[in-house]
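A.B. asks: Below is a structure I'd like to ask you about.
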Amino acid sequence: MINRLKQEQPVVYQTLKNCLEHDHLSHALLFAGPKGTPKMETALLVAQSLFCDDAHPFGCGQCAVCQRTERKEYTDLIILDGSSKSIKKEEILDLQEQFSKTALEKSGRKMYIINAAENATTEALNSLLKFLEEPMSADVTAVLIVESTDRLLPTIVSRCQILPFRPVDRAQCAQQARLKGVSSTDAWMISHFVKDPDAVLKVSETESYQKAYAGFDLFLDNITDLSRCMVELSTDVFGAKSDAKETLGYFIDILTSFFEEMACQMQDAPLHLMKKAEKIEARGLDLAQVQIVLLETKDKLNRPYNLTLVSDQMMIRLMEVIG
Ligand SMILES: [Zn+2]
């Protein structure tokens, strides 16, 4: 994790390193940044660094304390999570109650993490503010995690040291996904529309993505005469009942990413895709027109249109544009 942080979020890494080294870490940290950035992982790393006997300045990651912290089993670490349901006032009061007691573990330090803190009720946010305003014992550290500070009370934000996480770089996301076992083609492709390595892995394993990718291959192979693959695409790829909408969505994402990359020289694309791009380029395609058709189709997906009609219209318009 330390290496990933250093690479992906050098500013956050350096700030935390300095604060930990000089023992002046703020007692309330606010991690703000888009989905897919390692905010929770970093919060756990801070926890390890505070609890671990062998921290310099980051937790060793190996000892029993570090491992229990990583598994979220350390007694003096409490995590509230607003990502799946909103955080209630009672939960904050509970937290406050537990933090009024002395630490149970040997380090004597306590920490709480509030993930997706923006997803808390107004009452909960007000209680949290009161909690943050109270003189806190020097041994308590709070980490609030948000995607954007806009939805937090400004009075809460002003009490915290803010650490902004920058959006994940596409190439880095693809690299992380490859380390998780995703093929280089899928990692390159999916990282264009999903910016979180775990989510890239998940998408790559879905049948709808795999079908969409097969459809994309078929599409490119027949690009000189799209009428040849019309039937196959509409029955085998977009014709599946259960996940047709998702498949068509991925198909559009894939084509959009591919054509966008063609406009900027297919950066770090797998060789076989580069070759396909070269072939298409030689035909002098009007990429802007193709993108408009794809965008319009994507927009229709979010509305109650008949799916078969939408995919058929898309193909007919693509045939007109591509010629
Ligand atoms: Zn350790």
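A.B. asks: Using a cut-off of under 18 Å, list every residue of the stretch 124-164 whose amide N is near the label point 7 Å from the Cα of residue 88 along the Cα-to-beta-carbon line.
C.D. replies: 124-128
A.B. asks: Let me ask another. Run lengths n ≥ 4 of DSSP H only: what is the helix-derived mean residue ellipticity at 222 nm for the chain, with -39500 (n - 2.57) per run over all residues, to the nearest 500?
C.D. replies: Mean residue ellipticity at 222 nm (helix-derived): -16500 deg cm²/dmol.
A.B. asks: Can you classify the stretch 202-277 as rounded, prolate or oblate using the Cα gyration tensor, where a ≥ b ≥ c are the square roots of its eigenvalues, rounded means a/c under 1.5, and otherwise it's prolate if a/b beats b/c and oblate if not?
C.D. replies: It is oblate, given that a/c is not under 1.5 and a/b is not larger than b/c.
A.B. asks: Could I ask something else about it? List the residues whose amide H sits under 5 Å from the amide H of residue 144, counting only those 5 or more places along or on another chain, with H placed 1.01 Å from N in the peptide plane.
C.D. replies: Those lying under 5 Å, H to H, from residue 144 are 29, 30, 31, 114.
A.B. asks: With only Lys, Arg, Asp and Glu charged, each at its Cβ (+1 for the first two, -1 for the last two), find how big the charge dipole of the chain is about the Cα centre; round to the nearest 20 debye.
C.D. replies: 160 debye
A.B. asks: Okay, next question. Between residue 155 and residue 121, what is 0.36 nm times their sequence separation minus the Cα-Cα distance? Round to one decimal in nm.
C.D. replies: Between residue 155 and residue 121, full extension yields 10.7 nm more.
A.B. asks: Could I ask something else about it? For helix 39-51, what angle does its Cα long axis make with the longest principal axis of the chain, in degrees from 0 to 90 and rounded to 10?
C.D. replies: 30 degrees
A.B. asks: Once phi is turned into ³J(HN,Hα) by the Karplus curve 6.51 cos²θ - 1.76 cosθ + 1.60 with θ = phi - 60°, what whole-Hz value does each residue of the stretch 113-125 show in order, with x for glycine and proline?
C.D. replies: These are the phi-based 3J(HN,Hα) values: 10, 10, 7, 6, 4, 5, 8, 10, 5, 4, 4, 5, 5 Hz.
A.B. asks: Ranking request for peptides 52-64, 250-262: highest mean number of other beta-carbon atoms within 10 Å first, then the rest in descending order.
C.D. replies: My ranking of the peptides, most packed first, is 250-262, 52-64.
A.B. asks: Can you tally the net charge around residue 123? Count Lys and Arg as +1, Asp and Glu as -1, for every other residue whose Cβ sits under 13 Å from the Cβ of residue 123.
C.D. replies: Computed value for this residue: +1.
A.B. asks: Next up: Strictly over 30 Å apart at the Cα level, which of 89/180; 6/89; 211/276; 202/300; 85/195 would you flag in this model?
C.D. replies: Violating the 30 Å Cα-Cα cut-off are 89/180; 6/89.
A.B. asks: How many angstrom lie between the C-alpha centres of the stretch 82-97 and the stretch 140-201?
C.D. replies: Centre-to-centre (Cα) distance: 23 Å.
A.B. asks: In the structure displayed, which of 17/101; 88/130; 72/106 lie more than 18 Å apart, Cα to Cα?
C.D. replies: Check vs 18 Å cut-off fails for 17/101.
A.B. asks: Can you work out ³J(HN,Hα) from phi for every residue in the stretch 156-172, in order, using Karplus 6.51 cos²θ - 1.76 cosθ + 1.60 and θ = phi - 60°, giving whole Hz and x for Gly and Pro?
C.D. replies: 6, 4, 5, 8, 10, 8, 8, 10, x, 9, 7, x, 5, 5, 4, 5, 5
A.B. asks: State whether the stretch 2-164 is rounded, prolate or oblate according to the following rule on the C-alpha gyration tensor (a ≥ b ≥ c being the square roots of its eigenvalues): a/c under 1.5 gives rounded; otherwise a/b larger than b/c gives prolate, and the remaining case gives oblate.
C.D. replies: It is oblate, given that a/c is not under 1.5 and a/b is not larger than b/c.
A.B. asks: Can you bin the chain into rounded, prolate or oblate? Criterion: square roots of the alpha carbon gyration tensor eigenvalues sorted a ≥ b ≥ c, rounded for a/c under 1.5, prolate for a/b above b/c, oblate for the rest.
C.D. replies: Cα axes put the chain in the prolate bin.
A.B. asks: Under 5 Å between amide H atoms, partner at least 5 residues away or on a different chain: which partners does residue 79 have, H built in plane at 1.01 Å?
C.D. replies: Amide H neighbours of residue 79, under 5 Å, 5+ apart: 113.
Since every read-out is calculated from the coordinates, none of them should be taken as a lab result. Predicted, not measured: the structure shown is a model, and the values here were computed from it. All Cβ positions, glycine included, derive from the backbone under ideal geometry; neighbour counts span all protein chains shown.
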